[in-house]
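The values are calculated or read from the model by the stated rules, or taken from the named source; none is laboratory data. Fair warning: this is a prediction, and the values are worked out from it, not measured in the lab. Note: ideal-geometry Cβ built from the backbone for every residue, glycine included; neighbour counts use all protein chains shown. What goes into the accessible areas is simple: the full protein's heavy atoms, side chains included, and nothing from ligands, DNA or RNA. Shrake-Rupley method; radii C 1.70, N 1.55, O 1.52, S 1.80 Å.
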Amino acid sequence: SPGWAMRGPPMLRLLMAGVACVSAGSTVTTPQPCDGLWTPEAMKGQVVFRIEGGVLHWAPTLHSQITASSSLGISIDLQGSDEGLHSDAEFRNDGAQLLWNNGDVWARLLDMSTLKALRDLLRHSAWTEKARPGEHVYVFTDDHISVDDLESMPFTFTRDHIIITRLGGTTVNGKLVDGEIVWDHDGLIWIPVPFDKLDNRRWTQESQPGVNIYVVTQGIVGGGDLDPTEIIAQPGGAVFAKLRGKDAAGRLEQNGDILWEAHTGEGRWLALLSPDEMRSRLEGLRWTEEERPWDRTFSVSDATFLGRDAPLPFVMLRDGRLFAQVEGADMTAGKMLDNGEIHWEGKGNPIWVTVEAVEEMNYQIEGKRWTEKVNPGKQLYTISDYMVTGVPVPAKFTLLPDRSIVSGLPGKASGTMLDNWDIQWGEPGEPIGDENTWLVLASRQEVESKMQAHEWTSEARPGEEVYTVHDDMVEGSGGSGAFTLLSDGRVFTGLAGKESGKLLQNGEIVWDSGDAPWVAVDAVEAMRASVQGMRWTEAASPGRRIYTVRDGFVSDGPASASFDLLPDGGVVTALGRGSRGKMLDGGEIQWGAGGMWLPVASPGLTRRTLEGIRWANTAESSQHVLVVNGDRVLRDGSDINVTILLLADASHVYTSSAAGIAEGVFQPNGEIVWKGSRAIWTPVGAGGGGRDFSQGNATMINLKVGLLEGHIAPRNRRGAVAWSVIPIVTLVAVALSLVSGFFRCRRGGRGDFSVVDGAQAPHASARQVLLGPTGDGDLA
């Protein structure tokens, strides 16, 4: 307890008991001579009491009622003490002092008019330290200073307008100087923080959204049922105003709402978009009711929905919520989603969708066609200009942005468009059967490119029956009927045995009935061209028979039959009793009934590979020279009744004679190694124009440059190059030609290069040049 209060029992008991005193009689409400700030002279301003409105304020929560006041002095009622004592004080020194009946003397610090002026000056003002602006914010109330909205310190005024407060536990004095507060503590100076006047902000009461709109203009809030009054917001978010004749305090929240203190009765004010913000967000948008699209459309003008018989005012919050009289007289709440839709609350929960979104969805289905799943192809439905046709009476049809459907079809008022564009009729959650499912058809462009651009034929009998598709009909030598192609490739026709099928990626149509697939005729013809002139032999007896394909027929000499290679590699032929097979990657044909055909080299490849080479058979004791002429083997120039066959891989060789069939492998060095025996045909020296492999494993190059021609033979891996036929002149000519680019070379079937006047020439038509590797990638 302060020392001055210990002088008299009544004051001491009052402070020690901590009991608030209340009036026992009439109260004093008009300004009185005693009103102002007082301090015990013994305390020198360290303790300050306020008398105002007939009440003596000892502390924020402790006060006593003044029971009598005059120009002579005052009396207070100390009820609450155990003795019910009265205390009286009289004025001294022209009202500058109060002398209490217990001997205490109080000195007047400020009169009420000066106190009010100072209080009004600082009330709700915000300050920050000049040396560290913004680090802390200090806000004045009636008798406290809040610090960053976290703590508060008591303050008061002295006679000479010096502010006394406690900072850091120390009593300091401050003085207003040129709009700043200069403290007598460590050179501390406060500067004011500007208020937010909240200009152009708009709110509506949460309890009655949209009924009253409050707008701030130049720091004055008004509108609706509110008389214009000043409103300010401090940097910390505190808001102060005099609403409906009462001081009101609240807090400005992050979303712009104001939450007023409970005793004000204002509740929460919801932040609204400004007219400019609403125009920016809503301008150009149009809506229609989801349940009745196109019955009415709505647009926005000056915070009003247009589209009804009467304009529909509305307000919009910053968080996207709206309030308008959508149904009846009461305000209806709604929410605008990111996609522009407005979902209203209340009866039926109506939804407004944007016209632009509806137009975009219906543009995607413009001209699309559907058929019923239970009877595909029998009835086709087309959607165009928000109408569905193909029914007895065309009806309205609208696809909404959430892929729901609103239509005027009897029994099909609502439905859902699936991701694959199929339609399921019925309300969401209802069981959907095939009878309520429409399958989407391929577009007319797809049908034209995939079907109408081709003629079709049966894979089992290519060319015998040909079909064409046109205007949802299929016609051909095997009959005609309706034709329907779905977007997923499923096919439905009116042809017997081909009621349903699937169009595959490779262009075939596979029928569910098991009938032979259909292939495009032009694809079959292209495949025919790819095997034109090709030859095969049976793997079981190579060389005994040679099958040649020409113009869609295969022939082994005495007999011929149709032959077709299908796009998927399948082979169909009527040779013999007819058979189906599959062409493998290497050109072999694997027949479904067993057996395999091996591809045979063309006569030209056989000639370029085997002719012109002279061999000696290592299995024979005497030296004979073997050569190949066409498909015959000659020994020392005489026919020995042996045929020779080279496969298309230019590696495997077969001979056929009375002794049987022999298989060999043609080596890069010109040797033929025969399987099942020790026989090896080895190339011998050139003669009579034959190729000479006697220099070892070398690559043949045929060259002719102008009038000069010759061959190169390496003597060793990095040896010199020897030329025949004018060696030096030929070497110079070749070098010049290489530099000037007057000739080119082309890779042959087995590493050979032939350059004759810039074009490939048969091996026999030019001199040969041997070019051997040096071992490190160079060529000698």
- Message: Where the second residue is acidic (Asp, Glu) and the first is outside any strand (DSSP E or B) and lies in the range 214-228, which pairs have Cβ atoms under 9 Å and are six or more apart or on separate chains?
- Response: Gln218/Asp199; Gly219/Asp199; Gly219/Glu230
- Note on the structure: A careful count of residues in the range 607-632 that are open to solvent by 50 Å² or more (accessible area, probe 1.4 Å), touching a strand residue (DSSP E or B) at 6+ places or on another chain (Cβ under 8 Å) and either closer than 19 Å to Gly676 by Cα or among the hydrophobic types (A, V, I, L, M, F, W, C) (or both) gives 2
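Considering the range 232-251 alone, what residues qualify as being open to solvent by 40 Å² or more (accessible area, probe 1.4 Å) and within 20 Å of His136 (Cα to Cα)? If you could, list the steps in order and put the result at the bottom.
Filtering the range 232-251 down to residues open to solvent by 40 Å² or more (accessible area, probe 1.4 Å) leaves 235-236, 242, 244-247, 251.
The answer is Pro235, Gly236, Arg251.
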- Message: I'd like to verify a number: residues in the range 189-209 that are open to solvent by 80 Å² or more (accessible area, probe 1.4 Å), of a type outside the set (Gly, Ala, Ser) and over 27 Å from His136 (Cα atoms), how many?
- Response: 3
- Query: What single numbered condition from (1) open to solvent by 60 Å² or more (accessible area, probe 1.4 Å); (2) farther than 18 Å from Val48 by Cβ; (3) modelled with pLDDT under 85 fails to hold for His124?
  - Reply: (1)
- Message: I need the strands (runs of 3 or more DSSP E) fully contained in the range 1-92, keeping only those with at least 2 residues that are at positive phi, in contact with a helix residue (DSSP H, G or I) (Cβ under 7 Å, 6 or more places away or on another chain) and at pLDDT 75 or above.
- Response: none
- Item | Restricting the range 572-604 to residues that are aliphatic (A, V, I, L, M) and modelled with pLDDT under 90, the residue that is farthest from Trp456 (Cα to Cα) | Ala593
- Among (1) under 24 Å from His343 (Cβ atoms); (2) modelled with pLDDT under 90, where does Trp287 come up short? (2)
- Task: Check whether at least one residue in the range 636-647 is in a strand (DSSP E or B) and at positive phi, and report yes or no.
- Result: yes
- strands (runs of 3 or more DSSP E) completely within the range 515-571 that count 1 or more residues being at pLDDT 85 or above, under 17 Å from Glu455 (Cα atoms) and in contact with a His (Cβ under 9 Å, 6 or more places away or on another chain): 518-520
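Residues being among the hydrophobic types (A, V, I, L, M, F, W, C), closer than 29 Å to Gln505 by Cα and outside any loop (DSSP other than H, G, I, E, B): count how many of those fall in the range 420-455.
Selection size over the range 420-455: 7.
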- Could you please find all residues in the range 316-335 being out of contact with any Phe, Trp or Tyr (no Cβ under 7 Å at 6 or more places or on another chain) and either open to solvent by 50 Å² or more (accessible area, probe 1.4 Å) or touching a residue at least 24 places away in the same chain (Cβ under 8 Å) (or both)? Met316, Leu317, Arg318, Asp319, Arg321, Gln325, Glu327, Gly328, Ala329, Asp330, Lys335
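Residue check: is Val374 in contact (Cβ under 8 Å) with a residue 24 or more places away in the chain, outside any loop (DSSP other than H, G, I, E, B) and either of a type in the set (Ser, Thr, Tyr) or more than 23 Å from Pro311 (Cα to Cα) (or both)? I'd like the intermediate steps shown before the answer.
On the way: in contact (Cβ under 8 Å) with a residue 24 or more places away in the chain: yes; outside any loop (DSSP other than H, G, I, E, B): no; either of a type in the set (Ser, Thr, Tyr) or more than 23 Å from Pro311 (Cα to Cα) (or both): yes.
So Val374 fails the test.
Considering only the range 572-582, state which residues are assigned to a strand (DSSP E or B) and either among the aromatic types (Phe, Trp, Tyr) or open to solvent by 40 Å² or more (accessible area, probe 1.4 Å) (or both).
Correct list: Arg580, Lys582.
Those residues that are in contact (Cβ under 8 Å) with a residue 24 or more places away in the chain and surrounded by 13 or more Cβ atoms within 10 Å (Cβ to Cβ), I need them from the range 377-400; list them, please. It would help to see each step written out before you state the result.
To start, the set of residues in the range 377-400 that are in contact (Cβ under 8 Å) with a residue 24 or more places away in the chain comprises 377-378, 380-381, 386, 396, 398-400.
Within the range 377-400, Gly377, Leu380, Tyr381, Tyr386, Lys396, Thr398, Leu399, Leu400 meet the criteria.
For the range 187-213, name all the residues that are under 25 Å from Leu121 (Cα atoms) and assigned to a loop (DSSP other than H, G, I, E, B).
Going through the range 187-213, the residues under 25 Å from Leu121 (Cα atoms) turn out to be 187-199.
Hits for the range 187-213 are Gly187, Leu188, Val193, Pro194, Phe195, Lys197, Leu198, Asp199.
Taking the stated definitions as given, is Val673 farther than 29 Å from Val549 by Cβ, touching a strand residue (DSSP E or B) at 6+ places or on another chain (Cβ under 6 Å) and not in a loop (DSSP other than H, G, I, E, B)?
Numbers: farther than 29 Å from Val549 by Cβ: yes; touching a strand residue (DSSP E or B) at 6+ places or on another chain (Cβ under 6 Å): yes; not in a loop (DSSP other than H, G, I, E, B): yes.
Here the answer is yes, as Val673 does meet what is asked.
Residues of the range 210-225 being open to solvent by 10 Å² or more (accessible area, probe 1.4 Å) and out of contact with any Pro (no Cβ under 8 Å at 6 or more places or on another chain), which ones?
Initial filter on the range 210-225 (open to solvent by 10 Å² or more (accessible area, probe 1.4 Å)): 210-213, 215, 217-218, 220, 222-225.
Of everything in the range 210-225, those that are open to solvent by 10 Å² or more (accessible area, probe 1.4 Å) and out of contact with any Pro (no Cβ under 8 Å at 6 or more places or on another chain) turn out to be Val211, Asn212, Ile213, Val215, Thr217, Gln218, Gly223, Gly224, Asp225.
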- Could you please let me know if Thr398 is assigned to a strand (DSSP E or B), polar (S, T, N, Q) and either farther than 30 Å from Thr493 by Cβ or modelled with pLDDT under 90 (or both)? yes
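For Val358, indicate whether it is open to solvent by less than 30 Å² (accessible area, probe 1.4 Å) and at pLDDT below 85.
On the way: open to solvent by less than 30 Å² (accessible area, probe 1.4 Å): yes; at pLDDT below 85: no.
Considered against the rule, which asks whether it is open to solvent by less than 30 Å² (accessible area, probe 1.4 Å) and at pLDDT below 85, Val358 comes out as no.
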- Item | Answer from Trp352, Trp344 - the residue that is touching a Pro at 6+ places or on another chain (Cβ under 8 Å), open to solvent by less than 70 Å² (accessible area, probe 1.4 Å) and either farther than 21 Å from Pro410 by Cα or aliphatic (A, V, I, L, M) (or both) | Trp344
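The rows are residues; the columns are (1) in contact with a Leu (Cβ under 6 Å, 6 or more places away or on another chain); (2) surrounded by 15 or more Cβ atoms within 10 Å (Cβ to Cβ).
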{"site": "Ala482", "(1), (2)": "no, yes"}
{"site": "Asp488", "(1), (2)": "no, no"}
{"site": "Val491", "(1), (2)": "yes, yes"}
{"site": "Lys498", "(1), (2)": "no, yes"}
{"site": "Gly507", "(1), (2)": "no, yes"}
{"site": "Ala516", "(1), (2)": "no, yes"}
- Message: If Gly429 meets every condition in (1) of a type outside the set (Asp, Glu); (2) open to solvent by 50 Å² or more (accessible area, probe 1.4 Å); (3) within 30 Å of the chain's Cα centre (by Cα); (4) at negative phi apart from one, which number is that one?
- Response: (4)
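Test Pro133 against the criterion of being in contact with an Asp or Glu (Cβ under 9 Å, 6 or more places away or on another chain) and either modelled with pLDDT of 80 or more or open to solvent by 60 Å² or more (accessible area, probe 1.4 Å) (or both), and give yes or no. It would help to see each step written out before you state the result.
On the way: in contact with an Asp or Glu (Cβ under 9 Å, 6 or more places away or on another chain): no; either modelled with pLDDT of 80 or more or open to solvent by 60 Å² or more (accessible area, probe 1.4 Å) (or both): yes.
For Pro133, the condition - in contact with an Asp or Glu (Cβ under 9 Å, 6 or more places away or on another chain) and either modelled with pLDDT of 80 or more or open to solvent by 60 Å² or more (accessible area, probe 1.4 Å) (or both) - is not met.
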- Looking at (1) more than 48 Å from the chain's Cα centre (by Cα); (2) under 28 Å from Leu503 (Cα atoms); (3) aliphatic (A, V, I, L, M), which is the only condition Ala561 fails? (2)
- Message: Quick check on my filter: what residues within the range 561-581 are out of contact with any Ser or Thr (no Cβ under 9 Å at 6 or more places or on another chain), over 18 Å from Gly595 (Cα atoms) and not aliphatic (A, V, I, L, M)?
- Response: Pro567, Asp568
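Residues of the range 283-315 being at positive phi and either open to solvent by 80 Å² or more (accessible area, probe 1.4 Å) or in a strand (DSSP E or B) (or both), which ones?
Initial filter on the range 283-315 (at positive phi): 284, 294, 302-303, 307.
Correct list: Trp294, Asp302.
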